[in-house]
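Report on one structure; see the data block that follows.
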Amino acid sequence: MKGPAWPIAALLVGYPIWWALGFGGLAVIVLAAPMVVILWRRRPIRVPRGFGLWLLLLAGYLVSGLMLAEMPPGTYGELGPGRIIGYGMRLALYTAILIVVLYLGNLTERELPQLRLVRMMGALFVTTVAGGLLGVLFPSFHFTSPVELLLPGWIGENPFVQNLIHPTAGQTQKVLGYAMPRPEAPFEWANAWGSNVSVLLVWFVVGWWVYGGRRRRALAVVLIALAAVPIVYSLNRGLWIGLGLAVLYLIVRVGGRTRVALCGGVAVAALAFALSPLAPLFAQRLDKPHSNDIRAFTVSATLAAASHSPVIGYGNTRNATGNHRTITTGKTQWCTGCGHPPLGSDGQLWLLIMTQGFTGAALYVAFFAGAIRRHWRDRSPAGLAGVLVMGLVLLYMFVYDGLFTPLSLYLISFAILWRNASPAPRHEGRSIHGGFR
């Protein structure tokens with residue numbers, strides 16, 4: 001794509017290339033650099049409402065770095081390269097996605113039409129479905145990326161960094177008591193795939209169904225049907241709840257004939273799913289909520305640790321002593337079930353509480369809740385979709401980390417809402433007009 005919109009196209013449409021190179025979720029940080037240069041040349045720069053909240057979140061994260069060497073009671077470990085790298089990468093991400101928001105909000109409709117941006121999100125949905133099917137069919141598929149080859153071992157072998165730079169198709173876990181593949185490609189974690197596919201599905205429907213012709217709509221139905229396979233195989237209850245609430249939201253908010261058609265479509269889809277081979281797997285997952293105990297332990301331990309630094313947090317996650325079964329920490333030959341996720345890794349809310357204290361969590365919630373409040377009356381397709389995504393952000397913060405690609409997609413969705421409701425630079429209109437009737 002020519003013109004100043006090329007970094008956005010490179011990020012969304014070109015994402016599979018970034019993933020194969022080993023950048024993946026780090027692509028937004030790389031592409032933020034040319035965006036800054038272009039923005040600087042087009043001053044003055046417009047900013048959205050709520051901009052100050054994100055700046056405060058960034059400032060708070062800088063201050064939280066003072067606590068990186070501290071260890072709250074009930075945790076263990078020492079300040080090392082891994083903790084510093086994790087802190088630095090999160091700081092870079094929080095800064096980069098804010099740059100992306102400003103960049104999108106300062107492009108004119110001629111430079112980047114709103115519908116084209118929405119369809120770019122839809123293109124990434126297609127990529128996500130393809131990656132999900134790859135994870136279901138070939139879950140052990142992986143390869144060493146060029147970035148991984150170039151990085152020194154002490155960085156590339158860090159578990160946090162390894163998840164970002166080493167492309168894998170899926171994770172094989174014993175969620176049901178036996179080994180089952182969970183799709184991951186082209187993102188960092190299986191849970192990131194679940195969060196991203198739901199957000200991208202929202203924009204895919206707007207771009208390919210609401211504003212699509214007959215051929216595009218037919219293809220959309222096929223792709224959504226294919227997406228059901230990795231969505232179920234993800235064994236991701238948070239994703240399933242999010243999709244269910246999204247359907248309820250749309251039924252309530254759309255009107256007249258659209259509501260009737262939507263209810264009819266949902267009924268047909270539900271019947272087809274109930275008769276498909278996917279339904280027993282779905283029911284089996286609901287019957288085995290074994291991860292609840294793990295989450296309960298990490299959340300309670302996170303809150304206990306964060307209470308010792310409630311205002312600025314600890315800058316990064318920490319490891320707790322013991323887990324939900326035993327006081328022993330870490331896996332051993334005689335206790336392979338020991339160990340647990342780091343404190344703050346069970347959801348963006350808990351991550352913020354651990355890294356930035358309750359202050360950071362409050363700023364995050366206020367940012368997205370404020371977007372819902374300001375744009376609630378926007379009944380255009382993009383307005384309804386954007387408010388829905390903001391609601392999903394507040395839901396998913398209890399179960400999903402926002403790092404790395406989820407948070408990027410959350411903020412791009414925020415930018416679409418901003419573009420849809422505010423006057424464009426040089427007085428060019430940019431709303432995708434027309435509410436549902």
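Here is how the numbers come out for the structure above:
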| read-out | value |
| --- | --- |
| Filter result (aromatic (Phe, Trp, Tyr) and in contact with a helix residue (DSSP H, G or I) (Cβ under 8 Å, 6 or more places away or on another chain)) within region 153-196 | 154, 160, 187, 189, 193 |
| Residues (within 30 Å of residue 71 (Cβ to Cβ) and open to solvent by less than 10 Å² (accessible area, probe 1.4 Å)) located in region 368-404 | 396, 400, 402, 403, 404 |
| Some residue of region 263-279 being touching a residue at least 40 places away in the same chain (Cβ under 8 Å) and surrounded by fewer than 12 Cβ atoms within 10 Å (Cβ to Cβ) | no |
| Residue ranges of helices (runs of 4 or more DSSP H) in region 4-71 with at least 2 members open to solvent by 50 Å² or more (accessible area, probe 1.4 Å) | 15-21, 27-41, 51-64 |
| Residues satisfying the stated conditions in region 82-112, i.e. assigned to a helix (DSSP H, G or I) and open to solvent by less than 10 Å² (accessible area, probe 1.4 Å) | 86, 93, 94, 96, 97, 100, 101, 103, 104, 105 |
| Region 136-164, residues that are within 24 Å of the chain's Cα centre (by Cα), modelled with pLDDT under 90 and aromatic (Phe, Trp, Tyr) | 160 |
| Among the candidates 227, 218, 246, residue that is out of contact with any Pro (no Cβ under 9 Å at 6 or more places or on another chain), open to solvent by 50 Å² or more (accessible area, probe 1.4 Å), small (Gly, Ala, Ser) and in a helix (DSSP H, G or I) | 218 |
| Region 165-185 - residue that is small (Gly, Ala, Ser) and open to solvent by less than 40 Å² (accessible area, probe 1.4 Å) and, of those, modelled with the lowest pLDDT | 170 |
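The values are calculated or read from the model by the stated rules, or taken from the named source; none is laboratory data. Bear in mind the structure is a predicted one, so any value in this text is a computation, not a measurement. Reconstructed Cβ throughout: ideal geometry from the backbone, glycine too, with neighbour counts over all protein chains shown. With ligands, DNA and RNA removed, areas are computed over all heavy atoms of the protein, side chains included. Shrake-Rupley method; radii C 1.70, N 1.55, O 1.52, S 1.80 Å.
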